[in-house]
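What follows is one structure encoded as structure tokens, with my remarks underneath.
Coordinate-derived values only; no laboratory data. These numbers come from a predicted model, not from an experiment. For neighbour counting, all protein chains shown are included, and Cβ atoms are generated from backbone atoms with ideal geometry for every residue, glycine included.
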Amino acid sequence: KTVTLIGIPLEEGSGRGGCAMGPAAYRIAGIASALHELGYAVDDRGDLRPAPASDLPEMAEAKHLPIVGAFTRAIEAETYAAARNGTVPILLGGDHSLSMGSVSGMARHAAEIDRPLYVLWLDAHSDFNAPETSPSGNIHGMPVAFFCGKAEFVPILPADRPFVDPKHVYQIGIRSVDEEERRMIRENAVNVFDMRAVDEEGMGSIVKRILGDVREAGALLHVSLDVDFLDPDVAPGVGTTVPGGATFREAHLIMELLHDSGLVSSLDLVELNPFLDDRGRSARVMVELAASLFGRRILDRPTRGG
Ligand code: DIR
Ligand code: MN
Ligand code: MN
Ligand code: MN
């Protein structure tokens, strides 16, 4: 079993500085050795640093499009190649606009092997804005709409790229959605489990239900973990903290259930801002969660639950 680490020093999608230091922080926090100790061969591809794309315009509705678009293209290609080679790509972000590339790359791979791609989006935000609806113009608020084909501004990827069906996107932890974005997620039937759903139903039952759907569909599952999914008390190192987030125990349970399922094909770790972190605490929490997703556990269990 091999995992491919792909560093994405991208912060231009987030409207502030700091996320570009994310890959370095994950490496210092020991992401590679944690995975190695779990028995994985770790192929660290270093950091992608594409030059800005000269064919993409600067625009106020989608800030820093030439650089974000160049990253999208490079990430799409690198993620696709890693999956195609039979490895599990792990994107070390970098702001959440990187998922335009990672999910699109996985969508290309899934289409080629004739399997659907499902996405589990762990975030305080739905990230379903389009340039026309975004109040900020920050592209990190748009990746889900982008890979679902609902935010095609200037062509970034080839027109025949496969999209993800919004009905195959499951979001957990949502507690900040913009007005127009609310309409978009409803119209497109994205599966949203907001914090109220988590409180009422419990994290375990929600995640088991989602994994049941993924298994039944015979799908690949891409997991995208935004630091702000977690409560700010657990992980302060992110530019867009929203109170009332997931506890460490809830997040940890998700990771263990994901591991048990054997369904995860790819992972994004995004929005870590080391400049805002508290002595590396958030970076370490994210590495801890990734290790749990890849099989670190406290005690052996009787074998797979569902
Ligand atoms: C807000 C904030 N919905 C926007 N989005 C995100 O600017 O589109 N913050 N993703 O992390
Ligand atoms: Mn996000
Ligand atoms: Mn977020
Ligand atoms: Mn379906």
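Protection proxy ranking of 124-132, 265-273, 146-154, 219-227, by the mean of other Cβ atoms within 10 Å over each peptide's residues and highest first, is 265-273, 219-227, 124-132, 146-154.
Coupling constants for segment 220-236 follow from the phi torsions by the Karplus curve (6.51 cos²θ - 1.76 cosθ + 1.60, θ = phi - 60°), and in residue order they are 7, 10, 9, 10, 10, 10, 8, 3, 6, 4, 6, 5, x, 5, 7, 9, x Hz; glycine and proline get x. Rounded to whole numbers, the Karplus 3J(HN,Hα) couplings from phi for segment 104-115 are 5, x, 5, 5, 5, 4, 4, 4, 5, 9, 6, 10 Hz, using 6.51 cos²θ - 1.76 cosθ + 1.60 with θ = phi - 60°, and x at Gly and Pro.
Scanning residues 5 or more positions from residue 234 or on other chains, none has an amide H under 5 Å from its amide H, with H placed 1.01 Å from N in the peptide plane. Proximity of backbone amide H atoms, modeled 1.01 Å from N, is registered between residue 125 and 175 at under 5 Å, excluding neighbours fewer than 5 places apart on the same chain.
Size descriptor for segment 1-104, Kirkwood hydrodynamic radius: 14.1 Å (Cα pairs only, one decimal). Residue-wise HN-Hα couplings along segment 46-51, as the Karplus relation 6.51 cos²θ - 1.76 cosθ + 1.60 with θ = phi - 60° gives them from phi, are x, 9, 7, 9, x, 6 Hz; Gly and Pro carry x. In a DSSP loop and with at most 11 other Cβ atoms within 10 Å, the trypsin sites (Lys or Arg not before Pro) in segment 203-306 are 279, 304. Counting 0.36 nm for each residue step from residue 43 to residue 197 and taking away their Cα separation leaves a gain of 51.6 nm. Run lengths n ≥ 4 of DSSP H only: what is the helix-derived mean residue ellipticity at 222 nm for the chain, with -39500 (n - 2.57) per run over all residues, to the nearest 500? Result for the chain, helices only: -11000 deg cm²/dmol.
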